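Engineer: Let me begin by handing over the structure; questions about it come next.
Nothing in this text is a laboratory measurement; each read-out follows from the coordinates by a stated rule. Because the structure is predicted, anything quoted here is derived from the model rather than measured. Quick reminder, even Gly has a Cβ in these numbers, built from the backbone with ideal geometry, and neighbours come from all protein chains shown.
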């Protein structure tokens, strides 16, 4: 079983960035491999013991809001397809949570993710330098998805690997950072700065008494300096010219979304994944017409799923935040603390990126959720053993 589990974890981390070519219903090669293994692994796990289902409460509230909003829908097909995709991602999370029950398997995920992220970062950098493009996307469907993946992957290097992995971690950190720059993603740079600042503050509170203040200040300074340097390094026609257009386009989208909320005072919404069919943008920086999404997870939940669905999203975020907090509190060593802070950085980066993009349907985001839940269980188990000795 351990051998099959390791092979599965290597396979999903290797295939996760390969989003192109797109297959029917926005699927990828990853999904077909993942579904086959998920069915086998969940069947094996159910035969030897009870399967644990985490995040049931917030996901139930989200589902309830989605079903209520479908009473007011004009696009039932899009609603059902969206719910099926979300159900699949939830099953993916449950598979990771029930499969990765030891530190050895957790390290398998972290090592393979780190190496694949380094390769992806190198591909994105090469595309930017050699392809003559202003925004590189690597093997992803678009630049924003690539930036989200690379930004999340930055924190995997904080896993407490053996010392022989130190050089690899440094290379991956450089490649992922360069990849983010090559995507020219304003949101990723903002998310990187915010998550780095949060991590520095938490380290000041929970780090070793001798080094916490010094390392916390150094970390915060590095984040500020690097972020400023990255922003300044962009060519004027590449970075500064994109800022007004990006803001203007989102302003048009969010204005239409806000109007939909005001026109629906009962807070029901008009169904998950329906904005492409229902929302019409009357002009703006991106032109007149329909748009595929609202470019904000928070606004999307309010508009499409109503107040109930948005409350479910808040509960989900609060639950994950609580898990990260407990991981930090229960960290037995300095190395484990850095990994817990890295998981917190992943979550903060994703939540920041969600302000201007819809990222909760990305596969690597749900792998991140799985790692947070796994580490929370391992930390609690270790703490219990310490107390009972």
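Engineer: Between residue 33 and residue 3, what is the label-point separation in nm under the 7 Å Cα-to-beta-carbon projection?
Structural biologist: Spacing of the two 7 Å Cα→Cβ label points: 1.9 nm.
Engineer: Which whole number in µm²/s is D for the range 330-379 by Stokes-Einstein, with the Kirkwood Rh taken over Cα pairs at 37 °C and 0.692 mPa s? It would help to have the intermediate numbers written out before the result.
Structural biologist: Values: Rh = 11.6 Å.
Rounded, D is 283 µm²/s.
Engineer: Next question, about the same structure. Using the per-residue mean of other Cβ atoms lying within 10 Å as a proxy for protection, in what order, highest first, do the peptides 123-132, 296-305 fall?
Structural biologist: Details: 123-132: 16.5, 296-305: 25.1.
Per-residue mean Cβ counts within 10 Å order the peptides as 296-305, 123-132.
Engineer: Rounded, prolate or oblate: pick one for the range 115-171, where a ≥ b ≥ c are the square roots of the eigenvalues of its C-alpha gyration tensor, a/c under 1.5 means rounded, and failing that, prolate if a/b is larger than b/c, else oblate.
Structural biologist: On the way: a/c = 3.56, a/b = 1.98, b/c = 1.80.
It comes out prolate by the Cα gyration axes.
Engineer: Rounded, prolate or oblate, given the Cα gyration tensor of the range 1-96, with a/c below 1.5 counting as rounded?
Structural biologist: Working: a/c = 2.93, a/b = 1.38, b/c = 2.12.
The shape class here is oblate.
Engineer: Mind running the shape call on the range 66-207? Use the C-alpha gyration tensor, a ≥ b ≥ c as the square roots of the eigenvalues: rounded below 1.5 for a/c, prolate if a/b tops b/c, oblate otherwise.
Structural biologist: Working: a/c = 1.81, a/b = 1.30, b/c = 1.39.
Since a/c reaches 1.5 but b/c is at least a/b, the shape of the range 66-207 is classed as oblate.
Engineer: Normalised by the residues of the range 108-168, what does the relative contact order come to in percent, with Cα pairs under 8 Å and at least six apart?
Structural biologist: On the way: 38 pairs, mean separation 20.6, N = 61.
Relative contact order here is 34 percent.
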